[in-house]
Amino acid sequence: MNTFTATQERMRALDARITARPDRFRVLTGERPTGRLHLGHYFGTISERVTLQARGVETFLVLADYQAITDRDTADNVSINVHEAVLDYLAAGLDPASTTIFTHSSVPALNQLLLPFLSLVSEAELHRNPTVKAELAASGRALSGLMLTYPVHQAADILFCKGNLVPVGKDNLPHVELTRTIARRFNDRYDDVFPEPESLVTASPEVPGVDGRKMSKSYGNAIALGMTADETAAVIRRAQTDSDRHITFDPVGRPGIAALLTTAALCAGTTPELIAEQIGSRGAAELKRVATDTINDYFAAHRRRRAELARDRSAVMDVLQAGVERANAVAETTLDEVRSAMGMHYTLT
Ligand code: TRP
């Protein structure tokens, strides 16, 4: 059996187990607060989190602020990015009563797990991580100690709350594998404290940016969830298309056109081919009009809720405050177990 089919089968079986006993799972998921969340995040991860929440799975959602400084020399905008992300989570329907939203820098006991965890991995293992290698190459800078070890820190993100289900794209699979290794080694060496978390490989589509490459803020091809309808129209207006008035879905030959068709189809719940057929020979300007309207219609309610929430700054802060408090309580309990398992309790209290 090839790995693709094996993964698909594992996902089907996992899905059935989640449906049968959602209460047995705890999701830990998160992202780096390095920019505004965009349509790629929405269709890639946020909507899946909302679905898991509706299925009754408890979720911890980390805004990995220390991970924002793995490949850059500045923490500028981290605070605003954190607040903006919370607005999008709430507007998308994540409910802070069942989803604990927090920043990992605010949870000291989580970070302390890094020390014993580091002792469980070799330098050679860390250097082999393909995602770290790719990110290092893309960053164009020297390898920092944090860049090399952040996957171990990510294991602390996952294991502090005994998360056993981690929805990830393929970039993060090596980190979940490392987390499993760390959990296993800790349990073998000391005592059974941690679950071996399973990755939930999402079937969600990769959303192209308006130029046909993967949507990414750093490519300047992203439509942010928080943009207004007019800002969205402006981004789409600038998209590179071509002069062939007959619109066809051809991702290789016509990447800009295909990207608009794909995104419009995602929002309309149909296929890019069908939208191409409906536009026929009315040209790229008509395609841009259709894509703009479809995307703006789809996100109108999200943006309305978002704008409403943004009016009250303290609402977001309250959500973070409650999330951080809960995360701290959970992390302190786990750290206590870890220190007990390691024989590092020296007083009665
Ligand atoms: N590395 C993840 C990303 O690329 C962000 C992240 C940090 C994360 N900690 C996590 C994801 C724990 C899943 C689980 O965005």
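Please treat every number below as a calculation from the coordinates, not as lab data. Given the structure is predicted, the values throughout are model-derived calculations rather than measurements. Glycine also receives a Cβ, built like all others from the backbone with ideal geometry; neighbour counts cover every protein chain displayed.
Quick notes on this structure:
- Average projection area in nm² (convex hull over Cα atoms of the chain, one quarter of hull surface): 19.9
- Listing R32, R10, R311 from fewest to most neighbouring C-beta atoms within 10 Å gives R311, R10, R32.
- Estimated purely from DSSP H runs of n ≥ 4, each contributing -39500 (n - 2.57), the mean residue ellipticity at 222 nm for the chain is -17000 deg cm²/dmol once divided by its residues.
- A13/R245 FRET efficiency (R0 45 Å; Cβ-Cβ; nearest 0.05): 0.40
- Relative contact order for the chain, counting Cα pairs under 8 Å that sit 6 or more residues apart, in percent: 21
- Hits among lysines - C-alpha to C-alpha of K217 under 28 Å, sequence gap 8 or more where chains match: K133, K170, K288
- Entry note: the stretch 229-298 has Rg to Rh equal to 0.92, where both radii use alpha-carbon atoms and Rh is the Kirkwood radius.
- A straight line joining the Cα centroids of the stretch 264-280 and the stretch 321-349 runs 52 Å.
- Applying 1/(1 + (r/R0)^6) with r as the Cβ-Cβ distance of L348 and V193 and R0 = 25 angstrom yields a FRET efficiency of 0.70.
- With both residues required to sit in the chain, DSSP beta bridges show an antiparallel share near 10%.
- Distance between the stretch 4-33 and the stretch 90-125 - C-alpha centres, whole angstrom: 19
- Ranked Y42, Y298, criterion: other C-beta atoms within 10 Å, fewest first: Y298, Y42
- Between 0 and 90°, nearest 10: helix 130-139 axis offset from the chain longest Cα axis: 60
- A straight chain from K214 to L146 at 0.36 nm per residue would run longer than the Cα-Cα distance by 21.9 nm.
- Karplus-derived 3J(HN,Hα) values for the stretch 331-336, using 6.51 cos²θ - 1.76 cosθ + 1.60 with θ = phi - 60°, are 5, 5, 4, 5, 4, 4 Hz; glycine and proline are entered as x.
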